[in-house]
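S.K.: What follows is a structure written as structure tokens; I'll ask about it next.
FYI, it's all coordinate maths here, none of it is from the lab. All of these numbers come straight from a predicted model, not from anything done at the bench. Backbone-built Cβ (ideal geometry, glycine too); neighbour counts: all protein chains shown.
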Amino acid sequence: MAKNDPKPQSPDQPSPASSIGLFFLKFLGASLLLYIAYMKFGFVYMNIVAWGAKPLLGIFGKKLIMENAMRVTEEISLNPAVYLSLLVAVPGMAWRSRIRPAIIGVAILTAANILTVFLVFMSYYSGNETLWTGTEFFNLTINFFLPILLWFILVPVKNLLPALNRQA
């Protein structure tokens, strides 16, 4: 066998394509279950995020309007579910080793969501269009980019890319 030839696939090891397919199936299944849980219990998380912004607004002498805060949090509070779905779908990672990244990731996303609620209210109270635009950009970033970034940072690469590790 030439030096650059890939190692033969053993029958008990899935191919990279089937590993990716299995990952996406696990991701979709976890996403579905977490979304159902969110539909039932998401109001608890939304309240935590909304009330978390209250002391920040208080520093600036502003009030939290709970009804408006709940509308804002409803739009931003799914990013922990996306992150946890990614974490659940990682192949070959023991459940115990998922706990620390889960707690850290959800805590960071919750802090980012609290900051978003705070910025939305501050942009409203100040009437600052630039702050509103920045808040919208921040919101898009934490909803789409941050869960994936945290996943890459908090999960060991050997668990994220097992198919590539076998070929090395």
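S.K.: Can you tell me the FRET efficiency between I103 and L33 if r is taken as the Cβ-Cβ distance and R0 is 25 Å, rounded to the nearest 0.05?
M.R.: With a Förster radius of 25 Å, E is 0.85.
S.K.: Ok, one more. Below 8 Å between Cα atoms, with a sequence gap of 6+, how large is the relative contact order for the stretch 16-95 in percent?
M.R.: Computed over the stretch 16-95, the figure is 51 percent.
S.K.: Within a 10 angstrom radius of the beta carbon, how do M66, M93, M39, M46 rank from fewest other beta carbons to most?
M.R.: Going from least to most buried by this count: M39, M66, M93, M46.
S.K.: If you don't mind, there's one more thing I want to ask. May I ask you to sort T135, T116, T141, T110 by Cβ crowding, counting other Cβ atoms within 10 Å and putting the fewest first?
M.R.: T141, T110, T135, T116
S.K.: Return Y45, Y83 ranked ascending by Cβ neighbour count within 10 Å, so the fewest neighbours appear first.
M.R.: Result, fewest neighbours first: Y45, Y83.
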